[in-house]
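The values are calculated or read from the model by the stated rules, or taken from the named source; none is laboratory data. Quick caveat, the model's predicted, so the values are computed rather than measured. Note: ideal-geometry Cβ built from the backbone for every residue, glycine included; neighbour counts use all protein chains shown.
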Amino acid sequence: APLRFTLSQPIHWKDIYTAKEYLDKYYSDRGTMRVAEMVADDVSMSRKIRKMQKFFGLQVTGKLDHSTLAVMQKPRCGMPDLAN
Amino acid sequence: YHVFPGEPKWQRSSLTYRITKYTSSLSTQDVDRAVDLGLKAWSDAAPLNFIKTTQGEADIMISFESGDHGDSYPFDGPRGTLAHAFAPGEGLGGDTHFDNAERWTTGKNGFNLFTVAAHEFGHALGLGHSSDPSALMYPTYRYQHPIGFQLPTDDVKGIQALYGTKGIGKEKPMAPQQPANKPDQCDPNLSFDAVTVLGNELLFFKERSFWRRQAPLTNIGPSPIASSFPQLMSNVDAAYEVAEQGTAYFFKGPHYWATRGLQMQGHPRTIYDFGFPRHVQKIDAAVHLKNSRKTLFFVGDDYYSYDETKREMEDDYPKSIDDEFTGVEGNIDAAVEVNGFIYFFSGPKAYKYDTEKEDVVNIVKSSSWIGC
């Protein structure tokens, strides 16, 4: 199902998948995503973006913008940011 | 700073670590040094000791891995994820993995191994990611210079919240510790952690430094313990030499090392080899008596006598130090036999004890032994 969360600026599709992979890795419990959850995933993606924006002190919009993407593309530690 | 849910942390202050797989992008010496400095960043700020082992299971198993390496957190090739570590615990707990696909460096061009290792060891000790951009535990990579590195305040508070401050157990967080510089040689309050004869020298240990004194007292200065005893690094609890065996023993927490001169003989072993009861977790001081071929171990208010010939602890011990060594005041930090006299070091004082008179015959400043 297409990811329908709103984009605040024109973002490349590749970056959207980078963002999704990043948020799955660092802002949620690990596990295989069942297809049925993809619809819900849209809402949860926005929620994860909020969490990540809050953690890094970015403007919390729940939308994928360039400054949020820039942080996602920085080399980092592989541990989740939500201590789970 | 953040800790993990349930606040997992190590219940011991002495932790073993072992590097099981190295990377082709750095020499083993460079990796060893970066790892040692990465651990030192934390042991400078909290009462933690790290003991390197080279075989068997260690608390913190360190390795360079590629892609899917069996812990359900596969690496992703160059950049992206650089490394990860697991919170304290059995088995995988504490283990630290570096992505072998990265360009590891001891400098700035690539990813500085010390920087990433120090961060990961924060996880291995129980810290999660910090949202303070100036913190070492901030999730994204930011180069840190290894030499003279000082743990940022946020990280000091985090590690001290888990393990207390250095020297006084689990108390309120303090301001960041000054990096352990060389002790002030002629501080009138100077005390020693351990003293031993080694060949024709006397060695005096204090925190990260030690002095080597030949018989005629010349002007001597402190050297880093790590330069001659890399496994010991700092804070030696006790030491003694059995000259007729040509062997010396160095004690740290529940572990000891045997050496021939400055050469370590094998891996650290546990003090229970000597026959100590399990409640003894560390030795305060040790002195070998040449004539009787016995070694005295001092633990708190008691002392034990170990028969070097039979290689066993003597019966009817421990005994009270006060009962046997009258005149020596305070806890014994270190002890050594020179020319038939036992010298007890307690805080800034050194007591010269005459075993025939069974009494203290002289008291001097501890620092006078290193020329002050």
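For segment B:258-286, residues that are of a type in the set (Val, Ile, Thr) and in a helix (DSSP H, G or I) total 1.
Checking each residue in segment B:237-250 for being in contact with a Phe, Trp or Tyr (Cβ under 9 Å, 6 or more places away or on another chain) and either outside any strand (DSSP E or B) or within 20 Å of residue B:309 (Cα to Cα) (or both) picks out B:237, B:239, B:240, B:241, B:242, B:248, B:249, B:250. Selection of segment B:119-142 for residues being closer than 27 Å to residue A:53 by Cβ and away from every other protein chain (no Cβ under 11 Å) yields B:134, B:135. When you look at residue B:113, is it more than 12 Å from chain A (Cβ to nearest Cβ), of a type in the set (A, V, I, L, M) and crowded, with 23+ Cβ neighbours inside 10 Å, yes or no? The answer is yes for residue B:113. Looking across segment B:127-138, the residues that are surrounded by 23 or more Cβ atoms within 10 Å (Cβ to Cβ) and closer than 19 Å to residue B:95 by Cβ come down to B:127, B:129, B:137.
Scanning segment B:347-359 finds one or more residues that are in a strand (DSSP E or B), under 25 Å from the mean Cα position of the chain (by Cα) and either basic (Lys, Arg) or over 30 Å from residue B:185 (Cβ atoms) (or both). Where residues in segment B:1-49 are touching an Asp or Glu at 6+ places or on another chain (Cβ under 8 Å) and among the aromatic types (Phe, Trp, Tyr), which of them is nearest to the other protein chains (Cβ to nearest Cβ)? In this case the residue turns out to be B:1. Of the listed requirements (1) closer than 17 Å to residue B:295 by Cβ; (2) under 17 Å from the mean Cα position of the chain (by Cα); (3) among the β-branched types (Val, Ile, Thr), residue B:247 misses just one: (2).
Scanning segment A:18-32 for any residue that is in a loop (DSSP other than H, G, I, E, B), within 22 Å of residue B:79 (Cα to Cα) and either within 9 Å of chain B (Cβ to nearest Cβ) or at pLDDT 90 or above (or both) turns up at least one such residue.
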